[in-house]
1. Within segment 246-262, which residues are free of Cβ contacts under 8 Å to residues at least 60 places away in the same chain and either open to solvent by less than 10 Å² (accessible area, probe 1.4 Å) or hydroxyl-bearing (Ser, Thr, Tyr) (or both)?
2. Looking only at segment 1-46, filter to residues that are in a loop (DSSP other than H, G, I, E, B), aliphatic (A, V, I, L, M) and under 21 Å from Ala141 (Cα atoms); which one of those is modelled with the highest pLDDT?
Amino acid sequence: MQASSTWLPPGGTLGRILEETRRRVASIEGGPAGLEAGSPATRPTLSASLRGANVGVIGEIKRQSPSKGVLKGNLDAAKHSAAMERGGAVAISVLTEPAFFAGSLDDLATVRDAVRLPILRKDFHIDPLQLVEARQRAASAVLLIARALPQPQLLKLMEFAKRLGLETIVEVRTAEELERAVAAGSAIIGVNSRNLETLEVDEQVPERLMPLIPHEIIGVWESGVHDVDAVRRAANCGADAVLVGSALSRADDPEALVRELASVKRQARRG
């Protein structure tokens with residue numbers, strides 16, 4: 001694949017989130033000199049955890065979203081993540097964006113102390129200082145959204161993450177973005193059915209793109225996974241894992257829901 005160099009700044013909801021993110025980044029104190037203060041704890045790598053016999057379930061801590069509003073205002077990040085681990089989750093995603101998702105770095109630190117699984121910091125990463133924050137709180141990996149980043153910035157953040165010992169998931173939702181992610185050397189690619197600019201969902205997006213991910217790259221189906229039938233659908237397209245946010249964040253019994261979702265066998269991609 002050869003990536004196109006065409007990229008325009010996003011608008012809509014994603015554009016507003018990125019504006020707020022730039023303000024947040026400007027307020028970050030410290031820098032790379034403070035890295036020694038927070039080396040990650042020893043955990044399984046995210047990539048290894050996503051290569052099991054069954055479709056891996058990445059359970060998410062998400063308090064609210066622009067599309068669904070408040071999911072669970074009293075969500076206890078420690079208890080919820082520990083329950084998902086008991087249910088068979090292979091990793092925990094923690095949404096740390098504060099203005100639109102009511103997340104925080106405190107949630108990341110709380111989950112770090114509650115589980116032994118790989119931890120994904122899910123945020124709108126645009127600056128290396130955010131990756132420093134993730135490493136200092138023992139995150140295993142960070143999400144990079146292709147639509148939010150021109151290719152040179154995507155490459156810069158991927159390289160900096162590698163230097164810090166962080167894995168990356170590059171999120172895409174178009175064939176052009178998938179080409180960019182592959183060209184950048186992504187080891188894990190997530191396909192999101194939700195357009196972050198309009199918040200519209202097209203569940204055919206991951207069905208189209210998942211089979212196009214090269215076999216050596218891990219494919220993660222993001223958004224729209226609410227029950228085991230959705231996991232089977234993802235498996236049929238060759239997904240190695242699913243990221244489950246709203247359904248698990250709302251769940252009164254996240255352990256039981258993860259156990260059900262994690263029961264589906266992986267299938268080889270037929271691309």
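1. Filtering segment 246-262 for residues free of Cβ contacts under 8 Å to residues at least 60 places away in the same chain gives 247, 251-252, 260.
Residues satisfying the conditions do not exist here.
2. At the first step, the residues of segment 1-46 found to be in a loop (DSSP other than H, G, I, E, B) are 1-11, 27-31, 39-45.
Right, trim to aliphatic (A, V, I, L, M) and you get 1, 3, 8, 28, 41.
Remaining after also requiring under 21 Å from Ala141 (Cα atoms): 28, 41.
On the way: Ile28: 85, Ala41: 52.
By that ranking, first place goes to Ile28.
The values are calculated or read from the model by the stated rules, or taken from the named source; none is laboratory data. Predicted model only: the values in this text are computed from it and were never measured. All Cβ positions, even for glycine, are placed from backbone atoms using ideal geometry, and neighbour counts span all protein chains on display. Each accessible area value is taken on the protein alone, full model and side chains, heavy atoms only, with ligands, DNA and RNA left out. Shrake-Rupley method; radii C 1.70, N 1.55, O 1.52, S 1.80 Å.
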